[in-house]
Every structure is written in structure tokens, then in C-alpha cells.
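*Asks:* One structure coming up, written as C-alpha cells, with questions to follow.
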Amino acid sequence: MRKSINTVAAVLLALASFAVPAFADEEAPAWLKQAAQLRPPGYGSAVRAVVLHREQHVTLDGSGRLVTVERNAVRILTREGRDEAVALAFYLSKFSQVRDMEAWLIGPGGAVTSYGKKSIIDRISDPDDIYDEGRLKIIDASREADVGSVFGYTTTTEDRPLFYQDRWSFQEDLPTVFSKFTLSLPNGWKADSVTFNRSSVQPQVSGGTYTWELRDLPEIVREPLSPSFVNLAPMLAVNYSPPTGEQGATRSFADWTEVSRWTSELHDPQVIVDDSVAAKARELTAIAKTELEKIRAIGTFVQNLQYISIDIGVGYGNGMKPRPSNTVLNRGYGDCKDKANLMRAMLRVLKIESYPVAIYSGDPNFVKAEWASPGQFNHCIIAVKVSDETVTPTVLQHPKLGRLLIFDATDQFTPVGDLPDYLQGSRGLIAAGADGGLSEMPVTPADFNAWKRETEITIAENGSVKGVMRERLTGQESRGARTMHRSLTSADFSKSIEGWLTRGATAARLEKLSPADDHTNAAFNLDVEFSAPSYGQLMQNRLLVFKPAIANRTSSVYLTDKARKYPVVIEANSFTESAIFHLPAGFVVDEMPSPVTIDTPFGKYRTTVDAKDGQFRFTRSLVLNRSVVPVERYGEVRDFFSKMLDAEQSPVVLIRK
């Protein structure tokens, strides 16, 4: 599927040696001069730049060509803001073109430097792809930009729309003084829009020209556990269509059922079951007994095929169309939609029906139900129709299709029966013709994404410790450990674990490490033996002080800001630890933390303490429920995590008898 432009930083890094001298003492266009004269209000020192002008004008001519003129101007406020002095124009090499691209830099003293054709670098949009028709034209003025400079650019691109739909974000994270989107249509055409992340923005209409405009948008501040920018910045979704009955009406969608039909027409003919596909499916499931075992065998095989994306004919819809399933099997590679398609073919051999699911990977709240558009997705997974015998947390009950097991055939670190957390709760398009449509993906419960730890520590008289930790991680808690274990060498994996231990116990040393990946059951076991020379503090040769929480969770959360602008997004997981400390001879517990119980709608936390027979026992448990907590209740969330941190930092005091 067509990917978003998320590799710009990597591309720009490679451009430094290609800089071309620009021309000084040139004239800036009138729109940029006017923007440069704006004097927006002062911003805090953390604001690196301010967007003075952000505009896009889209024109559909009578022949069906779409011409887009984009203008942007930004004032650099800090040295870090110089990176904003970059112009980008995306195009498809066989479907669209950048007709014109210019940029100007107005220095603090008013001198103008212009950047023309000789300054343009042309690069593939995603360097990780073997072949991709998506390309970028780039003008990079960040080296010449200085604090107080104004950088502006204009681009003109031409293409033919696959859909009569568009999407416009009025800003990114920077404060924006002026932002405008204009759509000009042929006679008789109509447009309508939906506004997200703010009250409705209504267009000014003049004939066939529609204009949406906003001013004085504040900065979007980065906050821990906050929604993504796309769910905070004002955004416009636009549909436009010709008069009823005219050719091209099928390029717009009235509802999600129409999107399902359109997507099914792309995918279903590519499910080809030939002898090679049938033989491989039977080979993989030869010893499988249950329905779930058969799905797992095929799912694991498809996940382990090499991921390669070769995007050809993207502008004609091929970015959303999988390759034939037998071709993918014979070549041994494919992208997300190819893998889902191959899995569908293999399951069909076993008379198990399944459907492709178009979804957005990376933000569960990205897809907007109010706007029926295939352009909202960047990933493809699969929904497998299962009987009542198959029970996993990733089965949803569909009103027309029945029980569907949702699975990502691309993510090799998440097995059948689990789902990557960045997809859970997402709205996905189940492409099943007239029976399909938009559905919310399953959310695995907190106790499925569990981290269970048993710790046994021996404390010496001088405060040094030796200990053993036995951990069992399940669900998405296991995914991080599994990913790290497979991605790193044995030595680097050990260093990573030792570094994690050191953050809780200074100078901790890893003595022995025994990892065990139980991929089939979405579990990862880790046994750790370690030592730390000075974990406890010996004072006056009489008191010995230590913290009962000797190692943090890797997903620990700390919220310290007194105020907040945006909601808090919490993922579902659970953590439990039972720790036994063997005390040194001659010492007894003099003081110990009070037990803690915190119970809120979004999470529960509990500790217990006990001392007897030369041992100190400490337990802690945390359960977080998947939720979005309104900013008005931020104080509750901050207090929850603050009290939890206090409980884990509270010391135990031993005294020599």
C-alpha cells in the first residue's frame, strides 16, 4: 500500500554533500514578502519556528487533471528551527509530476537568496524500498538559514486523482499564523467536508471554488502519553463529485460499504489457489489438529517470508492491490497486502474463509469513521473466519461475518492469537464486499499483556546483593523482549539487560542470563542472575537501608508536569512482582514502607510488605486499562503514578541487633 512520507530525516541527512550555491540579492514574491512582514505574538524559548503562511490550492480541470499549488513560509526562531528551512514535493514517477518548485530565504537583514532548479535534489521517498514510484523533490536551505530568517517556497504538482477525495492538515506541531485550503472544481461539481479535532470549519464558496481558512493556531506541545499530532491538529477531509450520472462518480464513496466493495474488487481476484499453493498449505498443516493450530502454522510461515515492497502502478490503484498469491509464494517475498493475500489462499485450501483488512499502522485513532475513504490506510492485515472452538483475545464478533480472528501476517514478533498494540482498537476496513465495512479491532485485556516477576535477593552485611529474577512476559509485553532478543547479538542483548538492571541497582553485574522465546503462546521467559556491590547503604555500621523495588519495569511511566494541555493515552498491561529479601545475619527490620492501595478507573496499584524469619517480603501489582483520560482529570493520573513511584522508592531500614 502507498506509504506515508516518514523517512524525510534519513533522506535529508544524505543531502549535505549535494548542496548547490543559490543566487543572492534576488526578489521574493509578493505573498512571501507579505508573510515576512507579519509579527506574530512572542513564543516561549522552546518554540523553534512559527509558520507564517500555509496554503494549498487544488484545481481539477475539465480533462480530469489535478493541479496543486502549495505555498509555505516559516520564520526561524532558534538554531534548532533551521531544520524547518526545507521544501518538499512528493510525486509518483509514472503518474504525476512536479511542474515547478522554487524557494527563497529572507535573511534577518532583508537580503533575499533564491533557490531554483539547480538547487533541487530528487530522491526516492522511502530508501528502504527496492523500488518505489513515490519520490521527493527537495530544496534544503537549512545550512544558510539563521535565527530571524524567513524561508518560503512554492511547488506546483500535477496528477490524476485515484479518488475524488483530499485531506488537509491546517498545521503540524508549529504555531501557525495563517492556513488555507482551496479547491476549484469544474462547473456542476460539488464538494463537502468534515472537520476533525476542532469545531466545524465551513468553506467560503464562490462558483466552483471552495476555500477553508484558519488563523492563529497555537503550538502543539509534545507531552508524555499524549495523542499523536494527527489527532490534535485541525484537519479537513474533503469529498468532491461530478453531477449525478456523469463518468467518474465511482471515484467517490458514500459510505464504508462502498469502500469495502471497491477494495474487495482489487483483492479477491488475486487469491489464486494453484497446485503449489495447495501443496504448501497441506505441508504446513500436516500435523496440525485444531483449527487454531492450522491457522498458526500458515500464519507463522507467511510472517517469516521476506518483506519487500515494490510499488509499481501506485497511481492506478496498484499500491492497494496485492500480487497474485501463487506469485508471492513462488518468489518468496512480498509486502503486507501480498502476505495477507497469500495467507487467504492457503487458508482457502483448508476451506477456511478469510478477508483482507485495510488498517492504519502506527496510530489506533488515525482512521476517522465519519470519512469513508480508502486513502486513510497504510497497512493490510487479515480477518480469519473461525468456529467457536477457536478462542483467543483477538477474535471479534462481526454482525454479518461471524467470529473473525484478526492477525497481522507481517509482524513476525506477534503470533496468531495476539495483535500489535499499535493496531489494537484501530478502525479497520474488513473488505468483504457488501457484507464488509469499518470495524473496531480487538483490544487484548490487561492480564493478557502481563509481566510477572519473581525475585529472590540475598543481602550481605556490607549492602552488596546477589539475586535471581524469573520473568514471564505475555502478549504485547513479550513482543518488546522478543524483538530485542531476535534483533541483537547475544552479547548486545546481555548488555541491554545489564543496563536495565543498572538503572535500578547501581553497578549491577549480570552473572547469568537465560532467555526462552515461547512464540507460539505469545510468551517470553527470562531468568536473570545478578549481583550489585553497593545496593544497600550501611550507615554507622549499624543501619542498612535499601529499596524493595530493585529493578524497574521497562515500561515505567513518570508524569511530573503540574499542568497539561492534552488527554493522557494509557495502554492496557499488567505487572506483578513477588520479592523475597534474605537479610544478613544479625539484622532485623526496623522500618518498612506502609502498604499502598490505589484504585482508579484507568488503573490499580497495590503493594504489600511483611517481615519475619530473617526475610523481608515485598509484592507489587499494577493493572492499567486501555483508556483516554480527559485533560480535566490529569491530576488523578499524575497522582496515581506519583504515589506508585513513591511506594517503590520508599526505603526499608534494617538495624543490627
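The values are calculated or read from the model by the stated rules, or taken from the named source; none is laboratory data. Everything numeric here is computed off the predicted structure, so don't read it as measured data. Quick reminder, even Gly has a Cβ in these numbers, built from the backbone with ideal geometry, and neighbours come from all protein chains shown. Just so you know, the surface numbers come from the protein's heavy atoms only, side chains and all, with ligands and any DNA or RNA stripped out. Shrake-Rupley method; radii C 1.70, N 1.55, O 1.52, S 1.80 Å.
*Asks:* Among the residues of the range 175-199, count how many are without any contact (Cβ under 8 Å) to a residue 40 or more places away in the chain and either in contact with a Leu (Cβ under 9 Å, 6 or more places away or on another chain) or under 30 Å from A46 (Cα atoms) (or both).
*Replies:* Selection size over the range 175-199: 3.
*Asks:* Condition test on E389, is it touching a residue at least 24 places away in the same chain (Cβ under 8 Å) and touching a Lys or Arg at 6+ places or on another chain (Cβ under 7 Å)?
*Replies:* Answer is no for this residue.
*Asks:* Test each condition in (1) in a strand (DSSP E or B); (2) among the aliphatic types (A, V, I, L, M); (3) modelled with pLDDT under 95 for A481 and report the one that comes out false.
*Replies:* With (1) in a strand (DSSP E or B); (2) among the aliphatic types (A, V, I, L, M); (3) modelled with pLDDT under 95 applied to A481, the lone miss is (1).
*Asks:* Criterion first (assigned to a loop (DSSP other than H, G, I, E, B), in contact (Cβ under 8 Å) with a residue 24 or more places away in the chain and under 30 Å from E353 (Cα atoms)) does A278 satisfy it?
*Replies:* When the stated conditions are applied, A278 does not pass them.
*Asks:* Note down all Cβ pairs under 9 Å where the first residue falls in the range 531-549 and is aromatic (F, W, Y), the second is open to solvent by 70 Å² or more (accessible area, probe 1.4 Å) and not in a loop (DSSP other than H, G, I, E, B), and they're at least six residues apart or on different chains.
*Replies:* Taking only residues 6 or more apart or on different chains, the pairs are F546/Q537.
*Asks:* Next question. Among the residues in the range 99-116, are any under 29 Å from the mean Cα position of the chain (by Cα), surrounded by fewer than 21 Cβ atoms within 10 Å (Cβ to Cβ) and aliphatic (A, V, I, L, M)?
*Replies:* no
*Asks:* Going residue by residue through the range 148-155, is there one that turns out to be touching a strand residue (DSSP E or B) at 6+ places or on another chain (Cβ under 8 Å), more than 30 Å from S193 (Cα to Cα), open to solvent by 40 Å² or more (accessible area, probe 1.4 Å) and of a type in the set (G, A, S)?
*Replies:* No, the range 148-155 has no match at all.
*Asks:* Look at L501 and say whether it is in a strand (DSSP E or B), at negative phi and either polar (S, T, N, Q) or touching a strand residue (DSSP E or B) at 6+ places or on another chain (Cβ under 7 Å) (or both).
*Replies:* In short, no.
*Asks:* Look through L513, L501 and report the one residue that is of a type outside the set (S, T, N, Q) and at pLDDT 95 or above.
*Replies:* On inspection, the qualifying residue turns out to be L513.
*Asks:* Those residues that are open to solvent by less than 10 Å² (accessible area, probe 1.4 Å) and closer than 23 Å to L305 by Cα, I need them from the range 417-457; list them, please.
*Replies:* Within the range 417-457, G417, D418, L419, P420, L423 meet the criteria.
*Asks:* Let me ask you something else. Being buried (at least 22 other Cβ atoms within 10 Å of the Cβ), farther than 28 Å from D275 by Cα and out of contact with any helix residue (DSSP H, G or I) (no Cβ under 7 Å at 6 or more places or on another chain) narrows it down to one residue among P364, P399; which is it?
*Replies:* P364
*Asks:* Give just the number: which of (1) surrounded by fewer than 19 Cβ atoms within 10 Å (Cβ to Cβ); (2) over 34 Å from the mean Cα position of the chain (by Cα); (3) over 30 Å from P41 (Cα atoms) does D122 not satisfy?
*Replies:* Against the list (1) surrounded by fewer than 19 Cβ atoms within 10 Å (Cβ to Cβ); (2) over 34 Å from the mean Cα position of the chain (by Cα); (3) over 30 Å from P41 (Cα atoms), D122 comes up short only on (2).
*Asks:* Out of the residues in the range 217-272 that are of a type in the set (F, W, Y) and in contact with a strand residue (DSSP E or B) (Cβ under 9 Å, 6 or more places away or on another chain), state the one that is modelled with the lowest pLDDT.
*Replies:* F229
*Asks:* Which strands (runs of 3 or more DSSP E) does the range 156-215 wholly contain that include 1 or more residues that are more than 27 Å from T244 (Cβ to Cβ) and open to solvent by less than 50 Å² (accessible area, probe 1.4 Å)?
*Replies:* Hits in the range 156-215: 165-169, 176-184, 190-196.
*Asks:* If N341 meets every condition in (1) touching a Ser or Thr at 6+ places or on another chain (Cβ under 6 Å); (2) assigned to a strand (DSSP E or B) apart from one, which number is that one?
*Replies:* (2)
*Asks:* Scan the range 486-498 and tell me whether some residue there is open to solvent by less than 50 Å² (accessible area, probe 1.4 Å), part of a loop (DSSP other than H, G, I, E, B) and either at pLDDT below 95 or not β-branched (V, I, T) (or both).
*Replies:* No, the range 486-498 contains no residue that is open to solvent by less than 50 Å² (accessible area, probe 1.4 Å), part of a loop (DSSP other than H, G, I, E, B) and either at pLDDT below 95 or not β-branched (V, I, T) (or both).
*Asks:* Taking the range 43-59 only, how many residues are crowded, with 17+ Cβ neighbours inside 10 Å and either modelled with pLDDT under 95 or in contact with a helix residue (DSSP H, G or I) (Cβ under 7 Å, 6 or more places away or on another chain) (or both)?
*Replies:* Looking only at that region, the number is 5.
*Asks:* If you don't mind, another one. Is it the case that A585 is of a type in the set (G, A, S), open to solvent by 30 Å² or more (accessible area, probe 1.4 Å) and in contact (Cβ under 8 Å) with a residue 60 or more places away in the chain?
*Replies:* So A585 fits the description; yes.
This table checks each residue for (1) among the charged types (D, E, K, R); (2) loosely packed, with under 13 Cβ neighbours inside 10 Å; (3) under 14 Å from F546 (Cβ atoms).
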| residue | (1), (2), (3) |
| --- | --- |
| S594 | no, yes, no |
| I598 | no, no, no |
| P601 | no, yes, no |
| A611 | no, no, yes |
| Q615 | no, no, yes |
| S621 | no, no, no |
| V631 | no, no, no |
| D639 | yes, no, no |
| L654 | no, no, yes |
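*Asks:* Inside the range 306-357, can you point out the residues that are modelled with pLDDT of 95 or more, open to solvent by 10 Å² or more (accessible area, probe 1.4 Å) and under 24 Å from the mean Cα position of the chain (by Cα)?
*Replies:* Y355
*Asks:* I've got another one for you. In the range 69-83, how many residues are crowded, with 18+ Cβ neighbours inside 10 Å and out of contact with any Asp or Glu (no Cβ under 8 Å at 6 or more places or on another chain)?
*Replies:* The number of residues fulfilling the criteria is 4.
*Asks:* If you go through the range 269-281 one residue at a time, how many are within 18 Å of A340 (Cα to Cα), of a type in the set (D, E, K, R) and either open to solvent by 70 Å² or more (accessible area, probe 1.4 Å) or in contact with a Gly (Cβ under 8 Å, 6 or more places away or on another chain) (or both)?
*Replies:* The number of residues fulfilling the criteria is 0.
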